[in-house]
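Worksheet: the structure to be examined is printed underneath.
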Amino acid sequence: MPVRHTGGVGRSRMTLGMQLLLLQVAIVLTTVVGTGVTAMLIQEQQLREGYQDRMIAVAQSVAGLPVIRGAFDDPDPSATIQPVAEVIRNASDVTYVVVANEDGIRYSHPNPDRIGERVSTDPTIPLSGEVYVGTQTGTLGESWRVKVPIFDDDGDVMGQVSVGILESELRADFLGGLGGLLGALAVAALVGVVGSAWIGRVIRRRIYGLEPDEIRAMLETREAMLHGIREGIVAVDDRGRVVLMNDAAARLLDVEDPERVLGMPVEEVLDGDLARFIASGEDREAPVLSGERVLLVHGDRVAVDGREVGSIAILRDRTELETTLRELEGAQSLAEGLRAQSHEFSNKLHVVSGLLELGHVDAAIAFIQRVGSGGALSTLGDHDGIADVETAALVLAKRSRAGELGLAFDLDPRSHLDATTDARERIDLVTVVGNLVDNAIEACVLGGRIELSIRDDLEPGMVVVRVDDDGPGIPPERRAAIFEPDVSGKAPAPGKARRGIGLTIVQRVTARLGGDVAVDASPAGGARFVVRLPRNSGATSAAAAPTRSSETDAAATPASGGRR
């Protein structure tokens, strides 16, 4: 995957911190200004409504005063009405209180010179019996005013009362109350700007001071690295949820879509053994069983700025390593066998030579006939019944290994196995047989005995593998748990792979194929394992079986030694 390098990017442009600061300042100022304008409009409306309520109350109280209505019949109504109106005007803090008759002639006014004159604004609405509220321009200037009718005892309109306040005074009151509001807005804007700067610093610190182009370059490099390496990588956060899984890990763990499992608990994605190992964050390397694979897992905790944020595991498939080790083991077994054969053959030659020197020709001939081929590397003939070359090679290798350890290895003479053209079936069979035999070898001591039986002629379409040993056996209470990972009767040995996974692999391979595996006491005194594996229709006669060397097939066997 190509990776674009961005050395020095972003240096000639505005930094992310400055962009965030300016953006947040613009948002804060817009919000503060909008809030301030709205607050001013609401305050101005409330101020007007407050004055309106006061003016209506004053006007109605004046219109309802008996002294005011009674004065209308006096020869000089203003002599009575003017003092009362002025007292009320001063007490209610309004600009004017004007009382006029039905013809609009004033009986009161803040300017006494205007008394007796006709009102300067239209009195039609109050004289019709309605209340008027609005802004008009009169003799004192533009004012916010209320006009109410004055009714006589018969309910007829006999005059009007006009109460008002100058618009200039309203504006003065409004502006006088803005100081606190503007101060609050200024403080809010200052706090918003400081908070924006702090948020920008926090974000920059969270992303380690990186610019967007640098983050993009790092992500591209990360993707190229994760998808390009052969090792599997799985990362888990401190809550035990999967946050990273590359393609190699998905392949090793048989996960179809690695993106789908992100955010899921690790126990729901991986086998329990592997999930516990990764979640533990142990800083060590160990083989772990996942499905039918034995993975070499290196785990470690992940810390950022001294704080643990999760754990990571690097997965490597041991299949290639196991193949190499088995090839090496096969070569070593062959070399040991050849050395033993050479030594034994040399001894037999010395016996023959001594008999001939002593003149016992007939005895020498009888000795030669008695020992037969005499080699340490025996073979499986047609009478052994194993026509499948890879399985036969595996049995030969295991027989040789058992002989080196001083164990007797017997193949049931009734064994019968036709060759198959299905490569996967051959691999599964040698995996099962190899692990069971390895398990028996581990269980036996010097001088012990192992018996192997492989038969495909007992049940149609079924291969039955039986392995007996004369080891210590398995107590009945442990037989159900013997197929679980890490269940073994032997302590781990330094430098050796973990024990207790061979039988687990046998059980999982058998379950995948739809067969079954059972363990019981053996007549030989140890344990007996019986595995039934379904076989497809790919079996062929011995004549059609492929021919490969036993040593090569044995080395390619993927079975890993099971342990009890």
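Picking from 118, 69, 114, 106, which residue would you name as being farther than 14 Å from residue 159 by Cα, in the same structural domain as residue 167 (by TED's automatic domain parsing) and either more than 60 Å from the chain's Cα centre (by Cα) or surrounded by fewer than 17 Cβ atoms within 10 Å (Cβ to Cβ) (or both)?
Working: 118 fails: farther than 14 Å from residue 159 by Cα; 69 fails: farther than 14 Å from residue 159 by Cα; 106 fails: farther than 14 Å from residue 159 by Cα.
Answer to the selection: 114.
In the list 25, 37, which residue meets the criterion of being at pLDDT 85 or above and surrounded by 11 or more Cβ atoms within 10 Å (Cβ to Cβ)? Step through it out loud before you land on a result.
Working: 25 fails: at pLDDT 85 or above.
Of the residues listed, the single one that is at pLDDT 85 or above and surrounded by 11 or more Cβ atoms within 10 Å (Cβ to Cβ) is 37.
Does segment 406-421 contain any residue that is part of a helix (DSSP H, G or I), in contact with a helix residue (DSSP H, G or I) (Cβ under 7 Å, 6 or more places away or on another chain), among the hydrophobic types (A, V, I, L, M, F, W, C) and in the same structural domain as residue 522 (by TED's automatic domain parsing)?
Initially, segment 406-421 is screened for residues part of a helix (DSSP H, G or I), giving none.
Checked segment 406-421: no residue is part of a helix (DSSP H, G or I), in contact with a helix residue (DSSP H, G or I) (Cβ under 7 Å, 6 or more places away or on another chain), among the hydrophobic types (A, V, I, L, M, F, W, C) and in the same structural domain as residue 522 (by TED's automatic domain parsing).
Quick one: residue 260 ticks every box in (1) farther than 16 Å from residue 300 by Cα; (2) in the same structural domain as residue 308 (by TED's automatic domain parsing); (3) not in a loop (DSSP other than H, G, I, E, B) bar one, so which box is it?
Of the numbered conditions (1) farther than 16 Å from residue 300 by Cα; (2) in the same structural domain as residue 308 (by TED's automatic domain parsing); (3) not in a loop (DSSP other than H, G, I, E, B), the odd one out for residue 260 is (3).
Give me a count of the residues in segment 250-293 that are closer than 19 Å to residue 509 by Cβ and surrounded by fewer than 14 Cβ atoms within 10 Å (Cβ to Cβ).
Number of matching residues: 2.
Looking at segment 219-232, can you tell me whether even one residue there is modelled with pLDDT under 75 and assigned to a loop (DSSP other than H, G, I, E, B)?
For segment 219-232, residues modelled with pLDDT under 75 and assigned to a loop (DSSP other than H, G, I, E, B): absent.
Which count do you get for residues in segment 420-452 that are surrounded by 18 or more Cβ atoms within 10 Å (Cβ to Cβ) and among the small types (Gly, Ala, Ser)?
Kept after step one, since they are surrounded by 18 or more Cβ atoms within 10 Å (Cβ to Cβ), are these residues of segment 420-452: 420, 425-426, 428-444, 448-452.
With among the small types (Gly, Ala, Ser) added as a condition, the list becomes 434, 440, 443, 448.
Of the residues in that region, 4 qualify.
For the structure I just gave you, tell me whether residue 474 is part of a loop (DSSP other than H, G, I, E, B), at negative phi and either at pLDDT 90 or above or not polar (S, T, N, Q) (or both). It would help to see each step written out before you state the result.
Values: part of a loop (DSSP other than H, G, I, E, B): yes; at negative phi: yes; either at pLDDT 90 or above or not polar (S, T, N, Q) (or both): yes.
Taking the combined requirement at face value, the residue satisfies it.
Just checking, does segment 269-289 include any residue being of a type in the set (Gly, Ala, Ser), under 27 Å from residue 502 (Cα atoms) and assigned to a loop (DSSP other than H, G, I, E, B)?
Within segment 269-289, the subset of a type in the set (Gly, Ala, Ser) is 272, 275, 279-281, 286.
Restricting the remaining residues to those that are under 27 Å from residue 502 (Cα atoms) gives 272, 275, 279-281, 286.
Cutting the leftovers down to assigned to a loop (DSSP other than H, G, I, E, B) gives us 281.
There is at least one residue in segment 269-289 that is of a type in the set (Gly, Ala, Ser), under 27 Å from residue 502 (Cα atoms) and assigned to a loop (DSSP other than H, G, I, E, B).
Would you be able to tell me the number of residues in segment 417-432 that are more than 40 Å from the chain's Cα centre (by Cα) and closer than 16 Å to residue 396 by Cβ?
2
Out of 468, 412, report the one residue that is surrounded by 16 or more Cβ atoms within 10 Å (Cβ to Cβ), among the acidic types (Asp, Glu) and in contact (Cβ under 8 Å) with a residue 24 or more places away in the chain.
Values: 412 fails: surrounded by 16 or more Cβ atoms within 10 Å (Cβ to Cβ).
Only one candidate passes the filter, namely 468.
Select from segment 259-277 the residues that are aliphatic (A, V, I, L, M) and touching a helix residue (DSSP H, G or I) at 6+ places or on another chain (Cβ under 6 Å) and write down the one among them that is farthest from residue 236 (Cα to Cα).
Looking at residues that are aliphatic (A, V, I, L, M) and touching a helix residue (DSSP H, G or I) at 6+ places or on another chain (Cβ under 6 Å), I get 261.
Hey, any hits in segment 141-148 for a residue that's in contact (Cβ under 8 Å) with a residue 60 or more places away in the chain, closer than 16 Å to residue 64 by Cα and either among the charged types (D, E, K, R) or part of a loop (DSSP other than H, G, I, E, B) (or both)?
The first filter runs over segment 141-148 and keeps only residues in contact (Cβ under 8 Å) with a residue 60 or more places away in the chain, leaving 144-148.
In the following step, the residues that additionally are closer than 16 Å to residue 64 by Cα were identified as 146-148.
Imposing the further condition that a residue be either among the charged types (D, E, K, R) or part of a loop (DSSP other than H, G, I, E, B) (or both) reduces the set to 147.
Checked segment 141-148: at least one residue is in contact (Cβ under 8 Å) with a residue 60 or more places away in the chain, closer than 16 Å to residue 64 by Cα and either among the charged types (D, E, K, R) or part of a loop (DSSP other than H, G, I, E, B) (or both).
Does segment 214-227 include one or more residues that are surrounded by 13 or more Cβ atoms within 10 Å (Cβ to Cβ), under 28 Å from residue 265 (Cβ atoms) and in contact with a strand residue (DSSP E or B) (Cβ under 7 Å, 6 or more places away or on another chain)?
Within segment 214-227 (the criterion being surrounded by 13 or more Cβ atoms within 10 Å (Cβ to Cβ), under 28 Å from residue 265 (Cβ atoms) and in contact with a strand residue (DSSP E or B) (Cβ under 7 Å, 6 or more places away or on another chain)), the answer is yes, since at least one residue qualifies.
Go through segment 442-466 and give me each residue that's among the small types (Gly, Ala, Ser) and over 17 Å from residue 523 (Cβ atoms).
Start the filter on segment 442-466 by keeping residues that are among the small types (Gly, Ala, Ser), which leaves 443, 447-448, 453, 461.
447, 461 - these are the residues of segment 442-466 that are among the small types (Gly, Ala, Ser) and over 17 Å from residue 523 (Cβ atoms).
Please work out if residue 235 is at pLDDT 85 or above, of a type in the set (Gly, Ala, Ser) and either closer than 14 Å to residue 313 by Cβ or outside any helix (DSSP H, G or I) (or both).
On the way: at pLDDT 85 or above: yes; of a type in the set (Gly, Ala, Ser): yes; either closer than 14 Å to residue 313 by Cβ or outside any helix (DSSP H, G or I) (or both): yes.
Yes, satisfied.
Just give me the residues in segment 143-158 being out of contact with any Leu (no Cβ under 7 Å at 6 or more places or on another chain) and either at negative phi or of a type in the set (Lys, Arg) (or both), in sequence order.
At the first step, the residues of segment 143-158 found to be out of contact with any Leu (no Cβ under 7 Å at 6 or more places or on another chain) are 145-148, 150-156, 158.
145, 146, 147, 148, 150, 151, 152, 153, 154, 156, 158 - these are the residues of segment 143-158 that are out of contact with any Leu (no Cβ under 7 Å at 6 or more places or on another chain) and either at negative phi or of a type in the set (Lys, Arg) (or both).
Can you tell me which residue in segment 174-192 is farthest from residue 48 (Cα to Cα), limited to those that are in a helix (DSSP H, G or I) and in contact with a Leu (Cβ under 8 Å, 6 or more places away or on another chain)? Before the answer, list the steps.
Restricting attention to segment 174-192, the residues satisfying the condition of being in a helix (DSSP H, G or I) are 174-176, 178-192.
Now drop any that are not in contact with a Leu (Cβ under 8 Å, 6 or more places away or on another chain), which leaves 174, 189, 192.
Numbers: 174: 9, 189: 28, 192: 32 Å.
In this case the residue turns out to be 192.
The values are calculated or read from the model by the stated rules, or taken from the named source; none is laboratory data. Keep in mind the model is a prediction, meaning the values are calculated, not measured. Cβ coordinates were reconstructed from backbone atoms using ideal geometry, including for glycine residues, and neighbour counts include every protein chain displayed.
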